1. For segment 88-93, just list the computed ³J(HN,Hα) in residue order, Karplus coefficients 6.51, -1.76 and 1.60, θ = phi - 60°, integers in Hz, with x standing in for Gly and Pro.
2. In whole Hz, what ³J(HN,Hα) sequence does segment 34-39 give by Karplus (6.51, -1.76, 1.60; θ = phi - 60°), x for Gly and Pro?
3. For a quick check: with amide H placed at 1.01 Å from N, whose amide H comes under 5 Å from LEU67's, ignoring anything fewer than 5 positions away on the same chain?
4. For segment 65-118, what does the relative contact order come out to in percent, with C-alpha contacts under 8 Å and a separation of six or more?
5. Taking 2.2 N^0.38 Å as the expected size of a compact globular protein, what ratio does the Cα radius of gyration of segment 65-118 give against it, to two decimals?
Amino acid sequence: MQAAYDEYRQYTWHTNRDTYDKIVFDDLRNNATLAAMLAYLASEANQLSGELWSVGGGSVSRVFTGLCEGYFKHPDRDGPLTIEDVAEHVDDVRIEDGYIVPVSSRDEFAKLGPMLYS
């Protein structure tokens with residue numbers, strides 16, 4: 001929507017004096033960190049895609065999904081997985097040691113396949 005006054009569209013009526021006294025320098029510093037990360041991600045030098053990053057307080061870190069060992073119950077030999085099985089093995093499911101970072105479902109099947117077909 002444009003202003004009703006033609007001259008308003010031709011000139012900038014705002015100056016840095018409108019906002020300078022309202023600047024929160026901590027926010028500006030955080031925005032600079034975020035802008036640096038976004039500039040890199042948008043650059044041709046970046047060869048990454050689909051990653052999740054945590055940015056703040058001068059830190060840039062990768063956040064990723066890890067697939068842990070978990071709990072396995074063979075459906076043919078031991079019967080179907082039940083609510084009771086899950087409740088009994090919550091601690092096993094939550095162990096973070098020995099995780100892999102799956103890139104596709106193929107990586108998950110590489111972990112599951114040998115257990116199913118052994």
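Quick note: the coordinates plus some simple rules give every number you see, no bench work behind them. Because the structure is predicted, anything quoted here is derived from the model rather than measured.
1. Once rounded to whole Hz, the list reads 5, 10, 4, 4, 5, 5.
2. For segment 34-39, the Karplus-derived couplings read 5, 5, 4, 5, 5, 4 Hz, x marking Gly and Pro.
3. ILE100, VAL101
4. On the way: 41 pairs, mean separation 26.8, N = 54.
Relative contact order, segment 65-118: 50 percent.
5. Details: Rg = 11.9 Å, N = 54, 2.2 N^0.38 = 10.0 Å.
With N residues counted in segment 65-118, Rg over 2.2 N^0.38 Å equals 1.19.
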